[in-house]
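Step one of this worksheet: look at the structure below.
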Amino acid sequence: MGVIVSKFGGSSVADGIQLAKLKKIIEDESDRKYVIVSAPGRRFDQDNKVTDLLYLCKAHIDHNVDYRQIFQVVCDRFLALKMNLGIDIDLEKEFAEIDKNMQNNASEDYIASRGEYLTALVVAAYLGYDFVDTAGLICFDERGKLLDEETDRRLANEILKHDRAVIPGFYGSKPDRSIKTFSRGGSDITGSLVAKAVKADVYENWTDVSGFLVADPRIVKNPEQIDMVSYKELRELSYMGASVLHEDAIYPVRAGNIPINIRNTNAPAHPGTLIVSDTSKKADDKIITGIAGSKDFVVIAIYKNMMSAETGFVRRCLSILEDYGIPVEHLPSSIDTISIVLSKKKINGKLEDILEEMQRRLAPDSLDVYQDMALIATVGRGMNRRRGVSARLFTALYKAGINIRMIDQGSSEMNIIVGVENIDFENAVRAIYDTFFETEEDQWAGFPAEFDEGIKNRLDA
């Protein structure tokens with residue numbers, strides 16, 4: 001008998017109907033022993049996520065505004081679950097404890113985490129499983145950094161005492177026992193940490209979609225499903241905006257060589273997407289696995305003659321950004337130029353100060369800034385063993401009338417990143433998708449006449 005760890009997202013625990021689906025999924029497979037839950041999500045378009053309401057409670061407290069009406073909405077959500085599921089659990093006692101802590105200036109992390117805490121209590125009572133709190137098990141240091149080894153040891157020691165358990169996602173604690181949350185979507189990380197600790201055979205992540213799609217369906221109509229993807233490919237896609245799974249959830253299961261299965265609570269018979277360590281032996285011959293990207297980047301292009309002979313130039317560039325606390329997204333370069341790609345959101349109004357500092361400390365010959373840029377990553381295990389991939393991609397963008405402002409290919413040859421203007425983002429994604437999922441005979445249709453058969457063949461090579 002194996003062990004399956006199953007994490008259910010906010011849409012999967014939003015109301016009694018969804019929780020009934022969750023229970024059937026758990027009961028249909030006896031190996032599903034450990035269940036991680038998020039806080040309830042939206043039940044309909046105009047509804048609120050419980051976590052958003054809890055953050056709003058904290059904002060009211062900080063501004064000396066009465067929060068009780070909002071907190072009552074949260075309480076009513078859980079009381080409705082209790083009534084609909086017919087479970088015996090003293091939620092009023094839990095509400096009173098949370099309210100008392102909020103009145104005593106509880107931290108934002110503590111308040112936000114109570115959605116997962118209460119959901120886990122409700123689901124444990126509904127399934128007849130043990131409740132295991134992650135406070136004291138998922139460990140952060142005083143600065144909020146996850147302590148991987150200590151977390152793995154504590155989780156294994158506690159959870160393996162229980163044959164079956166429900167565990168709240170999203171949070172752990174610091175050495176002083178104060179609650180510390182992950183970033184939003186962090187219940188995925190909790191599930192991954194639990195799967196590693198108990199040496200699970202599979203980590204299931206249940207959500208409201210049947211796995212990953214090759215491209216964003218809001219941009220590409222009916223994109224193909226990705227049935228299998230490697231950890232490395234998923235890391236690239238998640239970083240560039242594919243949002244089905246929190247990107248940091250990959251590391252623990254990858255270290256334990258545990259497959260992740262993305263499944264749909266509303267379509268449990270669908271096999272979803274399987275995430276594994278190696279897909280090289282997979283039977284299909286797909287060149288690319290997925291296309292992902294996002295908008296609103298800033299590119300700082302620095303030119304300096306003989307840059308390559310100047311020791312420490314790149315280090316000084318990066319140290320300036322480090323001083324301002326701004327991470328670098330990408331760093332394509334040539335012999336005398338370097339382009340620094342930054343998130344506009346993370347620059348946070350500091351661009352002019354950064355440019356002045358670069359002029360002063362680097363003395364460049366030119367310093368150009370390109371704003372409103374979008375990055376698109378084309379990712380695939382087949383790219384490094386197939387000729388003509390770059391040619392097809394650039395040809396597709398040429399035919400769509402899209403100007404490429406930046407090109408960056410990783411050393412693994414698993415992805416090609418192109419920079420385009422924000423206004424061209426959606427058309428660029430569609431063009432790339434179409435060229436890799438059309439028939440081989442059609443891929444050169446419409447190519448300019450001056451590119452004769454010989455040139456086309458050289459590009460293919």
Problem - Entries in Lys174/Lys346; Lys33/Lys196; Lys145/Lys345; Lys93/Lys180; Lys161/Lys196 that, when Cα-Cα distance is taken, lie over 19 Å - result: Lys174/Lys346; Lys145/Lys345; Lys93/Lys180
Exercise for the section: Note the direction-averaged projected area, equal to a quarter of the hull surface, for the Cα convex hull of segment 4-276, in nm². Expected result: 14.4 nm²
Problem - Cα-projected label distance for Gln69 with Glu29, points at 7 Å along beta-carbon direction, nm - result: 4.5 nm
Fill in the blank from the handout: Checked segment 84-143 with the C-alpha gyration tensor, a ≥ b ≥ c its square-rooted eigenvalues, rounded below a/c of 1.5, otherwise prolate if a/b is larger than b/c and oblate if not; verdict oblate
Exercise for the section: Let me know the charge dipole size of segment 4-276 about its Cα centre in debye, to the nearest 20, where only the beta-carbon of Lys, Arg (+1) and Asp, Glu (-1) is charged. Expected result: 140 debye
Practice task
Evaluate the relative contact order of segment 134-249 (contact order divided by residue number), counting alpha-carbon pairs under 8 angstrom at least 6 apart; express in whole percent.
Solution key: 22 percent
Fill in the blank from the handout: Checked segment 113-167 against the a/c 1.5 cut and the a/b vs b/c comparison, axes a ≥ b ≥ c from its Cα gyration tensor; verdict oblate
Fill in the blank from the handout: Taking Cα atoms, the helix 351-362 axis meets the longest principal axis of the chain at an angle in degrees (rounded to 10) of 50 degrees
Completion exercise
Restricting to Cα pairs under 8 Å and 6 or more apart, the percent relative contact order of the chain works out to 12 percent
Problem - Share, in percent, of DSSP beta bridges within the chain that are antiparallel, nearest 5 - result: 60 percent
Problem - Sequence-distant lysines (8 or more away, or on other chains) whose Cα lies within less than 16 Å of Lys221 - result: none
Exercise for the section: Kindly put Phe44, Phe313 in sequence by how many other C-beta atoms sit within 10 Å of each C-beta, fewest to most. Expected result: Phe44, Phe313
Problem - Shape of the chain, Cα gyration tensor, a/c cut at 1.5 - result: prolate
Completion exercise
So Tyr303 and Phe437, fully extended at 0.36 nm per residue minus their Cα-Cα distance, gain in nm 44.4 nm
Problem - Centroid-to-centroid separation of segment 327-360 and segment 23-83 [C-alpha atoms, Å] - result: 40 Å
Fill in the blank from the handout: Fewest to most Cβ atoms within 10 Å: Leu321, Leu160 sort as Leu160, Leu321
Exercise for the section: Rounded to the nearest 10 degrees, what's the angle between the helix 91-103 long axis and the longest principal axis of the chain, both from Cα atoms, 0 to 90? Expected result: 60 degrees
Handout entry: DSSP beta bridge pairing in segment 4-276, given as percent antiparallel to the nearest 5
Key = 25 percent
Problem - On Cα atoms only, tilt of 389-399 relative to the major axis of the chain in degrees - result: 80 degrees
Exercise for the section: Please give the calculated 222 nm ellipticity per residue for the chain, where each DSSP H segment of at least 4 residues contributes -39500 (n - 2.57) and the sum is spread over every residue; nearest 500 deg cm²/dmol? Expected result: -11500 deg cm²/dmol
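Rule-based calculations on the coordinates, nothing more; no lab input. All values reported here derive from a predicted model rather than from experimental measurement. With ideal geometry, Cβ positions are generated from the backbone for all residues, glycine too; neighbour counts draw on all protein chains shown.
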